[in-house]
2 protein chains.
Amino acid sequence: MKKTLLVILVGLSMRAQQSAPAPVYTAAGELLLPKNYREWVYLSSGLGMTYGAAGNESPDPRFDNVFVNPSSYRAFLETGHWPDKSVFILEIRQSVSKGSINKGGRSQGDVVSVEAAVKDESRFPQKWAYFGFGHGEKAAPAPATSSCNACHHQNAAVENTFVQFYPVLLDVARQKGTLNAGYLSASKDH
Amino acid sequence: MKKTLLVILVGLSMRAQQSAPAPVYTAAGELLLPKNYREWVYLSSGLGMTYGAAGNESPDPRFDNVFVNPSSYRAFLETGHWPDKSVFILEIRQSVSKGSINKGGRSQGDVVSVEAAVKDESRFPQKWAYFGFGHGEKAAPAPATSSCNACHHQNAAVENTFVQFYPVLLDVARQKGTLNAGYLSASKDH
C-alpha cells in the first residue's frame, strides 16, 4: 500500500512539474535559466543565420537550437497560439568541421551563449520579453525598446515568435489560421 | 473524489507512458515510427555531414536532427550507458537559405527521410539494428551486415552511438568513463 501511494505521488509530482508555469524570476525580476531546458521540446536549428545586410556570412558560423517548455508546445499544437507563461530558449553553439569521422559539413560544439524569450502578460506591458544569459544562470529582461522586441514584433510569423523557421509549427499555424497579418503580407505564405 | 481519482490515473498513465519500453514492432518484425518523436529529447544537429571521401560537400546540404526516447536519455545522464530498448530517431531535413528575414546561413525545411537506431538485445544478435523509414511509418531492420551496422560498430564513441557529435552526452561519457576503447585510441579524446 505504501508503494502504491509512492507511485501515485511520483505520478502526481511529474504531472505538476509538467503543467507548472515555466518562468521563474528572482526577487529583483531576473529570469532564472531553466536547468532542464535540454529536455524541453526542440523546435529547430539554424546554422550561420544572419538578419543584417547580406554578405555578412561568417567563416565560423554558429548553430542556434530553439527549445520550448513542453506544455506550451502541446497547447500550440492544439490552438496555434502560445499560452501565457511560454518560455523559449535559444542556445547558440560553435560549429565544428571535420570532427571525428565527419569529412564535410558541420556538427555542434560548445555553447557560446543562451538567450530566452518569455510571454508573460501580467509582468510585461508588451507581453513578451527577451533575456541574454551568456554563460550565466539569471538575466534581466532587455528593455521594451530593445532591438529584440522590435524585430520579433515586426517580423515574427505567429505572435512574437519566428514560427517561419520551425517547420512543424508552421504547418500547425497555417491549419489554425494564426499567422500574423504582417507576416502574411510580407511573405508568399498565403 | 472522482476528480481526485481521475487526476491520479492521469498521473499514473503519464508515468507508465514515459517509462514504457520504446520500440514497437509489427508482427512481421517491422519497427513502427514513434509518432511523437519530436517530443523526445533532442541530442544534436549537423548540417551537410558526410563520411565518405573528402570534397563531397553538397551545394544543397541537409540538416540531420537526432532524438532519443526520454527515459533512455535520463538513464544515460546517470550511467553513461544506453539501456536496452533505447530508440534513436535521425530526422533528415532540407536546408533553406534566405528564408523570411534570414539573409545568410541556413534554416530547416521539409523532411527528406527518417531513420532509426534501436538497442534491443533480445531481438537482435548484434544488439543494435538500423531502420530506414523514408516517408513511411514502418521499416524492416537493415541486415546485420549492412554498412550502418559496420560504421556504427567501428566508429561510434559510446556503444554503437555517435556520442562524439552530441556535446551534452560526450561530457557525460567522459565523466562516467564509458567512451569506447576504439574511439579513444582513434581520437585525441583522452
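Below, the figures for the structure above:
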| read-out | value |
| --- | --- |
| Which numbered condition B:SER122 misses (of (1) touching a residue at least 60 places away in the same chain (Cβ under 8 Å); (2) away from chain A (no Cβ under 11 Å)) | (1) |
| Any pair with Cβ under 8 angstrom, 6 or more apart, that starts in segment B:40-66 at a residue that is surrounded by 21 or more Cβ atoms within 10 Å (Cβ to Cβ) and ends at one that is part of a loop (DSSP other than H, G, I, E, B) and modelled with pLDDT of 95 or more | B:TRP40/B:PRO34; B:TRP40/B:ASN69; B:VAL41/B:ASN69; B:LEU43/B:TYR166; B:SER44/B:TYR166; B:VAL66/B:TYR166 |
| Residue within segment B:123-141 that is under 28 Å from B:SER187 (Cβ atoms) and either of a type in the set (Asp, Glu) or in contact with a Gly (Cβ under 6 Å, 6 or more places away or on another chain) (or both) present | no |
| Unique match (being buried (at least 16 other Cβ atoms within 10 Å of the Cβ), part of a loop (DSSP other than H, G, I, E, B) and among the polar types (S, T, N, Q)) among A:SER107, A:SER95, A:SER122, A:SER100 | A:SER100 |
| Residue list for segment B:9-34, restricted to those being at pLDDT below 95 and of a type outside the set (Ser, Thr, Tyr) | B:LEU9, B:VAL10, B:GLY11, B:LEU12, B:MET14, B:ARG15, B:ALA16, B:GLN17, B:GLN18, B:ALA20, B:PRO21, B:ALA22 |
| Some residue of segment B:107-118 being closer than 24 Å to B:ILE92 by Cβ and free of Cβ contacts under 8 Å to residues at least 12 places away in the same chain | no |
| Flag if A:GLU78 is touching a residue at least 40 places away in the same chain (Cβ under 8 Å) and acidic (Asp, Glu) | no |
| Which numbered condition B:TYR130 fails, given (1) of a type in the set (Phe, Trp, Tyr); (2) touching a Ser or Thr at 6+ places or on another chain (Cβ under 7 Å); (3) surrounded by fewer than 18 Cβ atoms within 10 Å (Cβ to Cβ) | (3) |
| Matching entry among A:ARG93, A:ARG74, A:ARG106 (being of a type outside the set (Gly, Ala, Ser), farther than 30 Å from B:GLY48 by Cβ and within 13 Å of chain B (Cβ to nearest Cβ)) | A:ARG74 |
| Checklist (1) in contact with a Ser or Thr (Cβ under 8 Å, 6 or more places away or on another chain); (2) farther than 19 Å from A:SER45 by Cα; (3) surrounded by fewer than 21 Cβ atoms within 10 Å (Cβ to Cβ) applied to A:ALA140, failing item | (1) |
| Residue, nearest to B:THR178 (Cα to Cα), within segment B:148-163, restricted to residues that are part of a helix (DSSP H, G or I) and within 13 Å of chain A (Cβ to nearest Cβ) | B:VAL163 |
| Residues of segment B:57-71 that turn out to be among the hydroxyl-bearing types (Ser, Thr, Tyr) and either away from chain A (no Cβ under 11 Å) or not in a loop (DSSP other than H, G, I, E, B) (or both), as a count | 1 |
| Residue list for segment B:72-92, restricted to those being in a helix (DSSP H, G or I) and crowded, with 19+ Cβ neighbours inside 10 Å | B:SER72, B:TYR73, B:PHE76 |
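The values are calculated or read from the model by the stated rules, or taken from the named source; none is laboratory data. What you see is a predicted model, and the numbers here were worked out from it, not measured in a lab. With ideal geometry, Cβ positions are generated from the backbone for all residues, glycine too; neighbour counts draw on all protein chains shown.
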